[in-house]
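Undergrad: Here it is, the structure in full.
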Amino acid sequence: MTRPRRGRSVLPSLEAPSTLPPPVSNWVRMARVMLGPLSFLSLGVLVGATMGLLGGVAEVSLRPLEEPLRIPYVLGANGLLGAAWGLLATVLRWRGRGDPARATASIVALVVFPALAVGAGIFANEVLLEGENFLSSVSLVADTVALALAAAIALAISAATRRVLASRARVPSVPPASAGVVLIALVAACALPLRVVASRAGTGPDLVPIVLISIDTLRPDCLSGGGEPLPTSPEIDRLCREGILWPFAVTASPGSAAAHAALLTSRYPVSNGVWANFSILDASVETFAERLRAAGYRAGGFVTNTFLGRRFGFAQGFDAYVESGVTELLAEPSGAALFRSLALVQIVDKVRYRINPGYDPSFETALSWLRESDHPPFLFLHLMDPHSPYVPPHPWGDRFGARADGGPESPDHRNRFGWRPSIKSYLAEVRHLDSKLGRLRRELETLGLLDECILVLTSDHGENLVDHVPNFTHGSTIHESVLRILVALRAPDRVETGVVDPRVLENVDVIPTIAALAGLEPLPLWAGRSFAAEPVPELTTTFGQINRDFAVRTKEWKVIVRADGTRDVYHLDSDPGETRPLASTPELLAQAEDALAAWLLERSTLLYTEQARSVRPEDLSPAIRDRLRALGYLD
């Protein structure tokens, strides 16, 4: 077989053999006209689909999936993406023959297309469809629309690039490096943070920037300033000295969802309806973000606990909301949140987290989000580091002597990183967290926000280390080790510095205090009190709740009232660790139960008694279940 001469088409000849009858010859000629380009296109689709399938196999191998049905979906999605890429490559290659400018533009489009397609697909499925029904026809339509949209954008980029190159007086032979330069310019332009221009009423110099930081599972007695002899918290201690510290603050619940719902709504779990994990915050409950957004603030939420995700109602009121590095809500042109939604960025994030468990994409996005705008922000930042699994990143694990094998107090089981939980690994995680707060402080200082903003640092609940069984966890007991929390407020020129307030502050009191300092009116349904007012009467009795169990607390006594009918009584003055429950205290039990009944009658709403909304784990998307397993909430 002779090789075709240079410059001639490699497609089959379009001439039919002369020996065939005219009708047959016409049909053969027509078939060759159709099948010649089609075979070329088919080859491109086949090559692209093969590459996509190989990419899908690599993805499944690098990140084993808990859901078997998700494996064919991943392979199919990658194969479909590869086939679309191959088709686009073939078309662009056909169009670019003999035209250097068009060839360069085609290379740019082919490089941009996969990121656009996967990013649009993830945004459609995870954000618009909330990660559900990934095998459904709705998800298939979303993927198809994402591919079509990405192809249209890629072709538009290709056409624009060609026009720019062709507009030159002399178009030289364009080397492949030129395509790289154009691509880098495009990526750089996309990565530049967008300046958010406020258009809401109420914006202006009267709005005080607000930063609310919630640290998951942080015990205040594990801070250097709280009695821990090791240097776990230089940045937190510094912040506490620069404002007001409430050393006897308590949470409404030692469950992450219930505690944060109480914090962000100033309503107890029996009022807002979020009384356990898997509960859903009802849209009728107004959040602090909604209150601030109505006043003209730009509200951004950046969290690392799936129970605080959009699926559970916590994103309401925010302009941008990012959970565990996934952009779940975007109601503004935020370059930081858009960048985090790109598929390539998410893949890199997952790889970085597997290499370094201390990497936090939500935190990194929060810093970028702050840089975007001179519009007064409300930043809600949730940090997960002290929460299990305790795997302290370098160098903190070494400095605190934390080892994968744990210590004598460690249980036999190991987490998914191969570590056994220990006190040293928990303390090292606290120190790592503290270093991140140092980064945030420097960023606020650089932006000129540190001394202008109202900054509140709190924790949602504590942790049972070796205090109560089960050790190294929370959410199943209601002892002081999980009820006591950190609350500190820094607001120069608004509050005094170096103040230690001995009054009991509940976490429902946090946002009324912030609102008062910012000059905002409280909402009628807020249960909390403002500690910025003069003076605040001291509470004689407080109430904690985990699921359907309650704690009735005074400074001296504590009674635990469980749904199964059991009761425990502790004398906190003589037994602060709650290791010796008292017997034969019928009068005290009766007083506690009466106080609890009266409080429930005052605070409970239909959202708790009749209309509480929750979701079963099996009803969640595989992606959400994967994230909950990573945090230890699901087996």
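Undergrad: Any residue at all in region 298-306 that is under 12 Å from the mean Cα position of the chain (by Cα), at pLDDT below 80, part of a loop (DSSP other than H, G, I, E, B) and not acidic (Asp, Glu)?
TA: Looking through region 298-306, none of the residues is under 12 Å from the mean Cα position of the chain (by Cα), at pLDDT below 80, part of a loop (DSSP other than H, G, I, E, B) and not acidic (Asp, Glu).
Undergrad: Could you grab me the full set of residues in region 459-482 that are surrounded by fewer than 24 Cβ atoms within 10 Å (Cβ to Cβ) and outside any loop (DSSP other than H, G, I, E, B)?
TA: Residues satisfying the conditions are Asn464, Thr473, Glu480, Ser481.
Undergrad: Follow-up. Could you check, for region 215-223, whether at least one of its residues is at pLDDT 50 or above, surrounded by fewer than 18 Cβ atoms within 10 Å (Cβ to Cβ) and more than 25 Å from the chain's Cα centre (by Cα)?
TA: yes
Undergrad: Which one of the conditions (1) part of a helix (DSSP H, G or I); (2) open to solvent by less than 10 Å² (accessible area, probe 1.4 Å); (3) under 29 Å from Ala146 (Cα atoms) does Leu292 fail to meet, given that it meets all the rest?
TA: (3)
Undergrad: Within region 461-469, is there a residue that is free of Cβ contacts under 8 Å to residues at least 12 places away in the same chain, closer than 30 Å to Val561 by Cα and of a type outside the set (Lys, Arg)?
TA: yes
Undergrad: While we're here: Kindly list the number of the only condition in (1) without any contact (Cβ under 8 Å) to a residue 24 or more places away in the chain; (2) crowded, with 22+ Cβ neighbours inside 10 Å; (3) touching a Pro at 6+ places or on another chain (Cβ under 9 Å) that fails for Tyr297.
TA: (1)
Undergrad: Here's something else I'd like to know. Only one of these is surrounded by 23 or more Cβ atoms within 10 Å (Cβ to Cβ), hydroxyl-bearing (Ser, Thr, Tyr) and closer than 21 Å to Arg625 by Cβ: Thr251, Thr265, Thr306, Thr287. Name it.
TA: So the residue among Thr251, Thr265, Thr306, Thr287 that is surrounded by 23 or more Cβ atoms within 10 Å (Cβ to Cβ), hydroxyl-bearing (Ser, Thr, Tyr) and closer than 21 Å to Arg625 by Cβ is Thr306.
Undergrad: So is Trp275 of a type outside the set (Ser, Thr, Tyr) and open to solvent by 40 Å² or more (accessible area, probe 1.4 Å) or not?
TA: Taking the combined requirement at face value, the residue satisfies it.
Undergrad: I would also like to ask the following. Suppose we filter Ile347, Ile355 for residues that are open to solvent by 10 Å² or more (accessible area, probe 1.4 Å), out of contact with any Gly (no Cβ under 8 Å at 6 or more places or on another chain) and under 25 Å from Ala315 (Cα atoms); which single one remains?
TA: Ile347
Undergrad: A further question follows. Kindly provide the set of residues from region 286-340 that are over 23 Å from Ala257 (Cα atoms) and small (Gly, Ala, Ser), ordered by number. I'd like the intermediate steps shown before the answer.
TA: Start the filter on region 286-340 by keeping residues that are over 23 Å from Ala257 (Cα atoms), which leaves 294-298, 331-340.
Those that are over 23 Å from Ala257 (Cα atoms) and small (Gly, Ala, Ser): Ala294, Ala295, Gly296, Ala331, Ser334, Gly335, Ala336, Ala337.
Undergrad: Out of Ala516, Ala563, report the one residue that is free of Cβ contacts under 8 Å to residues at least 60 places away in the same chain and touching an Asp or Glu at 6+ places or on another chain (Cβ under 8 Å).
TA: From the options Ala516, Ala563, the qualifying one is Ala563.
Undergrad: Hey, does region 403-425 have a residue that's touching a Phe, Trp or Tyr at 6+ places or on another chain (Cβ under 6 Å) and within 30 Å of Arg293 (Cβ to Cβ)?
TA: Among the residues of region 403-425, not one is touching a Phe, Trp or Tyr at 6+ places or on another chain (Cβ under 6 Å) and within 30 Å of Arg293 (Cβ to Cβ), which makes the answer no.
Undergrad: Where the second residue is modelled with pLDDT of 70 or more and polar (S, T, N, Q) and the first is more than 21 Å from Gly273 (Cα to Cα) and lies in region 610-625, which pairs have Cβ atoms under 7 Å and are six or more apart or on separate chains?
TA: As it stands, the answer is Ile624/Thr306, since those pairs meet every condition given.
Undergrad: Can you find, within region 330-344, the residue that is farthest from Ala315 (Cα to Cα) among those that are modelled with pLDDT under 75 and surrounded by fewer than 19 Cβ atoms within 10 Å (Cβ to Cβ)?
TA: Out of the qualifying residues, it is Leu344.
Undergrad: What's the number of the condition Leu489 fails, among (1) buried (at least 22 other Cβ atoms within 10 Å of the Cβ); (2) of a type outside the set (S, T, N, Q); (3) farther than 14 Å from Ala532 by Cα?
TA: Leu489 satisfies every listed condition except (3).
Undergrad: Find the helices (runs of 4 or more DSSP H) located wholly in region 314-412 whose residues include 1 or more that are touching a helix residue (DSSP H, G or I) at 6+ places or on another chain (Cβ under 8 Å), more than 18 Å from Leu440 (Cα to Cα) and without any contact (Cβ under 8 Å) to a residue 60 or more places away in the chain, and list them.
TA: 335-340, 343-355, 396-399
Undergrad: Residue by residue through region 567-584, note down the ones that are touching a residue at least 60 places away in the same chain (Cβ under 8 Å), within 23 Å of Arg548 (Cα to Cα) and not aliphatic (A, V, I, L, M).
TA: Gly577, Glu578
The values are calculated or read from the model by the stated rules, or taken from the named source; none is laboratory data. Fair warning: this is a prediction, and the values are worked out from it, not measured in the lab. Cβ atoms come from the backbone with ideal geometry, glycine included; neighbour counts cover every protein chain shown. For the accessible areas, the whole protein counts, side chains as well, though only heavy atoms, and no ligand, DNA or RNA atoms are used. Shrake-Rupley method; radii C 1.70, N 1.55, O 1.52, S 1.80 Å.
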